[in-house]
Amino acid sequence: MKPQTPRFAPPKDADKRRKISPVICYPPNACIEADHGAIADLRNEAKHIKTVTVPARDAACVDVPAGAFFRILSVQGPQVGDLNLWNKVDLQEKFYSGKTRALHGTHLSTGNRMWSSFPNLRPMATIVDDTLDWYGFDEFGGSVHDVIGTRCDPYTGRLLSGGNYHNCCHSNLTRALAQHCELSFMDAEKHVHDVLNVFMCTGFTRDTGQYFMKASPVRPGDYLEFYAEIDLIVGLSACPGGDCGQEHTSDVAQCYPLEIEIYDPGAQARAMHKTPPKSAYDQSHGQG
Ligand SMILES: [Zn+2]
C-alpha cells in the first residue's frame, strides 16, 4: 500500500513518466504452449476411474500419472480450493506460483500451465477445461483461479489475531502430504507451497493495490480440469474460508467438500505422452 501523502515531491516530468506504455514482461511464446492436439486425443480416450472427496476444512492428496487428467469439482455449495502439486518422485520439484503468474498472468484458465520450481521450470500440469471461464474480469478487477495469493496459514493468523487455528489450508495440506508420503508433519510442512486458488475470486484494489477477495461465483457442478504433464502428487485443501466472501482462518464461514475426479486414458495411451524435459540450463551461474 502506497502512502496517501508522499514524502517526496514529484519531478517536473512526472506525468510524462507515468504515461510511458507498459511492456508485457513475457509476451505469448510458442515455447510455453502445450501440445493441445495430443492432449485432446488422450482426453477422448480417458475414462473416469476414481473420485477423491476432500472434506470441508481439510485436505487430501492423490497420485495422478503423467498423461492422465484430474478435475476439481464443486459439490454441495460454493467452496474455494487451495491446490499444491509435487513431482511424485521428488517433492523438491513443486508448483511455482510466482513464475506461473509472470508467464500467464494473475488468474489462470484453459490453456495455461502450472510451472515447477527451479532448477526444473517445466510444466507440471496444463489446464484443459474451466467452466468459470465466462467470468473474465469484473468491475473491481477481480477474477477466478488466482496465482496471486499464498494460502491461509496459522502463522499469519497468529500474527494478526493471536490465536492458534489448525484448519488453515497450509496445515490441511501439511497433514494430507504427511499422511500420503508417511512423513512427519515437520518434514511435510517444508514441501507445502504457494497455491493455485481454485474457484477463488480475487484481485488487487485499483486505488491502494491491496489484495482482495469476494464471494466465489462457483456453483455445484463447476469444475477446473487439468492434464498431468509429469507424474504428480496432487494436494487440495477445502479452504476454511468457504466461498471466501467474508473471512478465512476461522470456523465462521459455511464450508463444503470438494471432489477430485481422475480420468485415465489407460497405460497404453499414456505411454504416448512426452514428459516435458527439465530446464537445460547448466546451473553453472557463470562459473567455469
Ligand atoms: Zn485457505
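Just so it is clear, none of the values below were taken in a lab; they were calculated from the coordinates. Nothing here was measured: the structure is a model prediction, and the numbers come from that model. Glycine also receives a Cβ, built like all others from the backbone with ideal geometry; neighbour counts cover every protein chain displayed.
Key figures for this structure:
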quantity: Nearby lysines by direct alpha-carbon distance to residue 278 (threshold 24 angstrom, same-chain neighbours under 8 apart not counted); calculated: 88, 94, 99, 190
quantity: The stretch 120-220: chymotrypsin sites (Phe, Trp or Tyr not before Pro) falling in loop per DSSP and having at most 15 other Cβ within 10 Å; calculated: 134, 137, 140
quantity: For the chain, built as a Gaussian network whose Cα springs stay under 10 Å, the top-fluctuating residue of 243, 130, 90; calculated: 90
quantity: Within the chain, longest stretch clear of exposed GluC sites (Glu not before Pro) (DSSP loop, no more than 11 other Cβ within 10 Å); calculated: 1-138
quantity: Rounded, prolate or oblate (a/c below 1.5 giving rounded, otherwise prolate when a/b exceeds b/c) for the stretch 112-161 by Cα gyration tensor; calculated: oblate
quantity: Calculated [θ] (222 nm, deg cm²/dmol) that DSSP helices of n ≥ 4 give over the chain, each run adding -39,500 (n - 2.57); calculated: -5000 deg cm²/dmol
quantity: Residues listed by number, the stretch 248-288, amide nitrogen under 20 Å from residue 63 label point at 7 Å toward C-beta; calculated: 260-276
quantity: Isotropically averaged projected area of the stretch 128-261, using the convex hull of Cα atoms (one quarter of hull area), nm²; calculated: 9.4
quantity: Assigned charges on the beta-carbon of Lys, Arg, Asp, Glu; the chain dipole about Cα centre (debye); calculated: 1040
quantity: Gaussian network model of the chain, Cα within-10 Å springs - most flexible of 40, 253, 228; calculated: 40
quantity: Interchain or long-range residues, amide H under 5 Å from residue 54's placed H; calculated: 258, 259, 260
quantity: Estimated distance in nm for a label pair at residue 91 and residue 275, the labels positioned 7 Å out from Cα along Cα-to-Cβ; calculated: 2.0
quantity: Pairwise FRET efficiency - residue 38 versus residue 13, Cβ, R0 = 51 Å, nearest 0.05; calculated: 0.45
quantity: For the stretch 80-187, size of Cβ-based charge dipole, Lys and Arg +1, Asp and Glu -1, in debye; calculated: 360
